[in-house]
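Engineer: Following this message is one structure expressed as structure tokens.
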Amino acid sequence: MKKVLMSFVLFVVTFDAFSFSPVDSVNTLMGTASTYNFSHGNTYPAVAMPWGMNFWSAQTGENGSGWMYTYSENEIRGFRQTHQPSPWINDYGTFSIMPLSGDLQVDNHLRGRMFSHENEVAKPYLYQVRFDDGTLVKMTPTERGAIFVVKFAENKRQFLVLDAYKDGCGVEIDTTNSCITGYTKNNSGGVPSNFANYFVVDFDQKIVDFGTRTNDSLMAKTTKAEHFAAQAYVEFDLSPNDSLIIRVASSFVSKEQALLNFEREVQDHSFCDVLLRAKNEWNEKLGRIRVGGEADPNTIRTFYSCLYRTLLFPRRFFEYDGENKPIYYSPYDGKIHSGVMYTDNGFWDTFRAVHPLFTLLYPEVTECVLQSLLNTYDESGFLPEWASPGHRNCMIGNNSLSLIADAWQKGFRRIDAEKALKAMLNQTLEQGSESSVGRNGYEDYHNLGYVPYPDYYEASAKTLEYAYADWCLATFAESIGEKNIAKEYFIKSQNYRNLFDANIGFMRAKNKQGEWIEPFDATEWGGPFTEGCSWHYTWSVFHDVEGLAQLMGGHTEMVKQLDSVFSAPNTYNYGTYGFVIHEIAEMVALNMGQYAHGNQPIQHAIYLYNYLGQPWKAQQRVREVLSRLYLATPDGYCGDEDNGQTSAWYVFSALGFYPVCPGASEYVLGSPLFEKTVLSLPGDKSFEINATKNSAEKVYIQNALLNGKTFENNYLTHEQISSGGIFDLKMSEKPNKKRGIKAENLPYSYTKIDKLKN
Ligand code: CA
């Protein structure tokens with residue numbers, strides 16, 4: 001949770017194209033003060049290009065630990081190429097380099113060097129640290145490589161260790177050309193047996209001594225080692241004012257492709273050129289949203305730090321061959337294919353806001369992600385749900401269907417629609433070798449209308465997510481004229497109703513015989529739910545909030561229930577987990593009742609007030625979360641950041657709207673954080689959001705004008721934003737209880753509003 005702000009200095013951000021450098025507002029250390037037991041983000045300071053194939057990070061944790069960089073640590077053991085999307089998923093294809101002044105220590109447990117954060121610079125395009133012994137290291141990224149500058153401490157021996165980790169690796173030192181090449185096969189699952197990351201590490205200085213290490217034994221003067229785990233070391237003899245320049249690149253395709261990537265991206269480039277290119281690239285991507293007006297600089301830092309996190313994943317897992325055509329090593333069938341592949345994404349998290357943000361502001365990414373989804377289907381028989389780099393057994397749902405339906409409805413129509421429909425149908429009618437691939441419990445779900453518990457773990461969460469996925473499939477099928485399929489799946493999309501117990505007002509688990517599972521405790525985590533309890537999952541009806549409201553007895557009753565999320569005590573029953581999982585600890589720490597913003601299931605719930613004719617409650621709550629639960633500091637997130645999702649919530653909410661139901665092409669209104677925000681959209685269009693008189697107290701929308709005309713709706717359509725325009729809001733400290741209350745002003749729901757009940 002954020003610390004209390006001590007500075008209230010306000011400053012006006014100008015929109016001067018030359019001075020505008022949003023990347024310098026990013027703190028990549030946001031979220032790094034995390035542990036296994038309590039997450040303030042579980043992030044690491046990734047030095048990378050947006051969606052880059054390889055990220056780089058200083059490594060404080062020991063090899064193999066998901067907590068690669070922890071803010072409270074005071075030793076760095078390496079500078080690591082990483083592909084880790086989350087500590088819970090861990091890394092693959094990782095290797096590190098570590099410059100050492102003085103004694104040679106190859107082992108990662110012994111080679112750490114002390115540093116302090118005062119001597120550290122952490123930006124998306126640059127990480128720099130001066131160790132306590134005086135050694136200075138700088139690194140800057142390319143898509144598939146990096147350039148390092150090392151200044152060794154004076155009057156000390158000068159070593160560099162390359163650690164290729166484990167699971168089968170090779171290193172080879174070339175003293176003539178002053179470089180180390182090799183490969184590493186380390187992974188955490190989800191790869192075929194021929195998986196490898198091939199690397200080239202080149203030095204601009206002569207190697208004067210060298211050796212390798214395997215099985216804890218150092219072999220001086222050997223140039224080559226292949227083993228389960230392997231490291232290489234080299235020694236230099238630089239004159240006192242000289243620096244060592246290290247150029248690195250790698251490939252998942254082959255050794256030859258690694259050399260090609262090396263030649264293209266780093267070989268003849270200087271550190272400064274690469275740094276500038278990375279900086280410009282970040283500024284172009286981050287600069288598609290310009291926030292300003294009178295704003296606290298800390299708020300601007302938080303905004304761009306969150307936007308940076310949103311633009312890291314999914315990563316581009318493809319490379320360019322000798323003819324500059326995209327190719328990739330498939331983490332599904334182990335073959336080389338032409339085309340694009342993206343990975344390191346759990347759609348359970350990112351379908352909610354990350355991918356919808358791309359459809360609006362980074363459509364070039366959405367286009368490629370769609371291709372990548374169908375490539376995954378071609379190569380594995382399933383769409384991905386949690387890929388890193390191949391299918392991983394993690395989380396639940398068929399949220400890949402949300403990505404396709406959302407993009408399709410917003411006009412992304414270059415995919416093979418017939419194949420997409422086939423893939424989507426298959427996703428609901430089959431299960432892969434892992435329960436998270438395809439649809440676990442599909443037979444029972446289709447026969448009974450819900451996934452029974454305890455026959456299936458997390459059964460009720462699955463039912464709710466499948467019902468939404470079925471709606472996504474139905475809208476897609478309807479759009480391409482497949483009326484029968486659409487009809488069938490629209491009916492299935494109502495399956496959420498089967499788990500709502502009107503007597504208690506909550507979603508709850510049912511057994512195979514159709515009986516409620518007793519006893520019921522709304523605060524019981526796990527079991528039929530995923531990393532949450534019924535307080536969090538009862539709202540998981542993205543596509544039919546009106547239907548849910550009617551089950552609850554109407555809008556007034558649902559408002560009461562939603563209010564009680566925040567007023568209920570923050571108690572918990574850890575249920576089947578058997579211990580306090582970190583998400584529980586984070587909810588308790590928030591002290592916002594049962595509201596658990598540190599995890600994804602409930603992140604859309606505040607916006608539901610808009611469906612119930614009380615938009616001012618959403619406006620107030622959104623601003624409370626924006627200001628209380630995020631800050632660009634190491635402890636600045638209130639739970640796992642999760643591949644951009646928790647950040648994308650902030651980004652959207654700061655703009656003043658949020659995609660509650662991807663697939664409906666709507667963004668439900670909240671309360672914009674800034675006085676002025678400008679979105680740069682494709683086709684040289686812009687969408688300007690002006691919130692006059694906005695302040696920490698004036699969070700309520702008094703009235704709204706879209707392109708000069710009175711605007712009463714509680715949502716903007718994708719079309720309204722993407723075609724460009726001006727959205728003027730007048731803010732006030734008092735709610736306008738007459739605005740946005742009529743049935744025609746409420747966002748999309750599958751069920752039509754029952755005017756008699758509301
Ligand atoms: Ca999470």
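Engineer: Can you tell me the length gained on complete extension of the stretch Asp107 to Leu218, counting 0.36 nm per residue apart and subtracting the Cα distance?
Structural biologist: Going from the current span to full extension adds 39.0 nm.
Engineer: Note down the net charge around Asp406, summing +1 for each Lys or Arg and -1 for each Asp or Glu among other residues with Cβ under 11 Å from its Cβ.
Structural biologist: Counting the neighbours of Asp406, the net charge comes to +1.
Engineer: Sticking with this structure for a sec: Enumerate the amide H contacts of Glu73 below 5 Å, restricted to partners 5 or more residues apart or on another chain; note that Pro and chain-start residues carry no placed amide H.
Structural biologist: Those qualifying (amide H under 5 Å, at least 5 residues apart or on another chain) number zero.
Engineer: Using all Cα-Cα distances in the chain, what percent lands in each 20 angstrom bin from 0 up to the longest?
Structural biologist: Using 20 Å bins, I get a P(r) of 17, 50, 28, 4, 0 for the chain.
Engineer: Magnitude of the Cβ-charge dipole of the stretch 230-314, K/R +1 and D/E -1, about the Cα centre, nearest 20 debye?
Structural biologist: On the way: 10 positive and 12 negative charges, 107 e Å.
It works out to roughly 520 debye.
Engineer: Separate question: Amide H neighbours of Phe210 under 5 Å, counting only residues 5+ apart in sequence or on other chains, H built in-plane at 1.01 Å?
Structural biologist: Lys221, Glu235
Engineer: Which residues in the stretch 732-751 have a backbone N closer than 18 Å to a point placed 7 Å from the Cα of Ser479 along the Cα-to-Cβ line?
Structural biologist: 748-750
Engineer: Oh, and also: Any idea of Met592's accessible area? Nearest 10 Å², probe 1.4 Å.
Structural biologist: 10 Å²
Engineer: Angle, helix 417-429 long axis vs. longest principal axis of the chain, Cα atoms, 0 to 90°, nearest 10?
Structural biologist: Helix 417-429 sits at roughly 80 degrees to that axis.
Engineer: Mean residue ellipticity at 222 nm from the helices of the chain, using -39,500 (n - 2.57) per DSSP H segment of n ≥ 4 over the full residue count, to the nearest 500 deg cm²/dmol? Before the final figure, lay out each step's value.
Structural biologist: Values: 18 runs with 193 residues, N = 758.
Per the formula, -7500 deg cm²/dmol.
Engineer: How big is the gap, in Å, between the Cα center of the stretch 427-487 and the Cα center of the stretch 290-334?
Structural biologist: 30 Å
Engineer: Also: Starting from the stretch 488-585, pick out the chymotrypsin sites (Phe, Trp or Tyr not before Pro) whose DSSP state is loop and whose Cβ has at most 14 other Cβ atoms within 10 Å.
Structural biologist: Hits after loop and neighbour filter: Phe520, Phe579.
Engineer: Rounded to the nearest 20 Debye, what is the dipole magnitude of the stretch 283-393 about its Cα centre when Lys and Arg each give +1 and Asp and Glu each give -1 at the C-beta?
Structural biologist: With Lys and Arg at +1 and Asp and Glu at -1, about 320 debye.
Engineer: Another question, if that's okay. When the accessible area of the stretch 541-665 is split by element with a 1.4 Å probe, what percent falls to carbon and sulfur?
Structural biologist: That share works out to 52 percent.
Engineer: When the Karplus curve 6.51 cos²θ - 1.76 cosθ + 1.60 is applied with θ = phi - 60°, which whole-Hz ³J(HN,Hα) does each residue of the stretch 179-186 get, with x for Gly and Pro?
Structural biologist: Calculated HN-Hα couplings, in order: 8, 10, 10, x, 8, 9, 10, 4 Hz.
Engineer: Another question, then. Given a 1.4 angstrom probe, I'd like the percentage of the accessible area of the stretch 200-317 that is carbon and sulfur, rounded to a whole number.
Structural biologist: 47 percent
Engineer: Can you tell which of Asn503, Ala417, Leu403 lies farthest toward the positive end of the dipole of the chain, using +1 and -1 charges on the Cβ of basic and acidic side chains (Lys, Arg; Asp, Glu)?
Structural biologist: Projecting each Cα onto the dipole axis, the largest value belongs to Asn503.
Engineer: At a probe radius of 1.4 Å, what is the per-residue accessible area of Cys661, in Å² to the nearest 10?
Structural biologist: Rounded to the nearest 10, the figure is 10 Å².
Engineer: With Cβ to Cβ distances under 15 Å as the rule, what net charge do the other residues near Asn74 carry (K, R +1; D, E -1)?
Structural biologist: Summing Lys/Arg as +1 and Asp/Glu as -1 gives -3.
Engineer: Quick one: 3J(HN,Hα) in Hz for the stretch 303-317, Karplus 6.51/-1.76/1.60 with θ = phi - 60°, rounded, Gly and Pro as x.
Structural biologist: Couplings: 4, 6, 5, 5, 5, 4, 5, 5, 9, 8, 10, x, 8, 6, 9 Hz.
Engineer: Hey, got the Cα dimensions of the stretch 683-728 along the principal axes, in Å, largest first?
Structural biologist: So the extents along the principal axes, rounded to whole Å, are 36, 21, 17.
Engineer: Quick one: putting +1 on the C-beta of Lys and Arg, -1 on the C-beta of Asp and Glu, what dipole do you get for the chain around its Cα centre, in Debye to the nearest 20?
Structural biologist: Charge dipole, the chain, about its Cα centre: 1860 debye, nearest 20.
Engineer: Applying the Karplus parametrisation 6.51 cos²θ - 1.76 cosθ + 1.60 with θ = phi - 60° to the phi angles of the stretch 40-57, what ³J(HN,Hα) value in whole Hz is obtained for each residue in order, glycine and proline being reported as x?
Structural biologist: Values per residue, Gly and Pro as x: 9, x, 6, 10, 9, x, 6, 9, 6, 7, x, 6, x, 5, 10, 9, 10, 8 Hz.
Engineer: Further, regarding this structure: Can you put Arg277, Arg111 in order of accessible area, largest first, using a 1.4 Å probe?
Structural biologist: Arg277, Arg111
Engineer: Carbon and sulfur atoms: what percent of the 1.4 Å accessible area of the stretch 382-484 do they account for?
Structural biologist: Heavy-atom surface of the stretch 382-484 belonging to carbon and sulfur, 1.4 Å probe: 41 percent.
Engineer: Taking the alpha-carbon set of the stretch 373-504, what are its Rg and Dmax in Å?
Structural biologist: 14.4, 47
Engineer: In whole angstrom, how far apart do the alpha carbon centroids of the stretch 93-112 and the stretch 554-601 sit?
Structural biologist: Taking the Cα centre of each part, the stretch 93-112 and the stretch 554-601 sit 44 Å apart.
Engineer: Compare the Cα positions of Gln513, Gly527, Thr538 along the charge dipole of the stretch 507-564 (+1 at Cβ of Lys, Arg; -1 at Cβ of Asp, Glu; about the Cα centre) and return the one farthest towards the positive end.
Structural biologist: Value computed over the given set: Gln513.
Engineer: Thr94's amide H: which non-local residues (gap 5+, or another chain) put their own amide H closer than 5 Å, with H modeled 1.01 Å from N in plane and none for Pro or chain starts?
Structural biologist: Residues meeting the criterion, in which the H sits 1.01 Å from N, are Asn186.
Engineer: Enter the accessible area per residue of the chain (Å², integer; probe 1.4 Å; all protein chains in place).
Structural biologist: 35 Å²
Engineer: Still on this structure, I have one more. Determine the distance separating the Cα centre of the stretch 615-641 from the Cα centre of the stretch 521-543; give it in Å without decimals.
Structural biologist: One Cα centre to the other: 21 Å.
Engineer: Given a cut-off of under 8 Å on Cα pairs at least six residues apart, what relative contact order in percent is computed for the chain? If you can, show how the numbers build up before the last one.
Structural biologist: Details: 1869 pairs, mean separation 96.7, N = 758.
After rounding, I find 13 percent.
The values are calculated or read from the model by the stated rules, or taken from the named source; none is laboratory data. Note that this is a predicted model, so its numbers are computed, not measured. Methodologically, a virtual Cβ is constructed for each residue, glycine included, from the backbone with ideal geometry; neighbour enumeration extends over all protein chains shown. Surface areas here come from the heavy atoms of the whole protein model, side chains and all, with no ligands, DNA or RNA. Shrake-Rupley method; radii C 1.70, N 1.55, O 1.52, S 1.80 Å.
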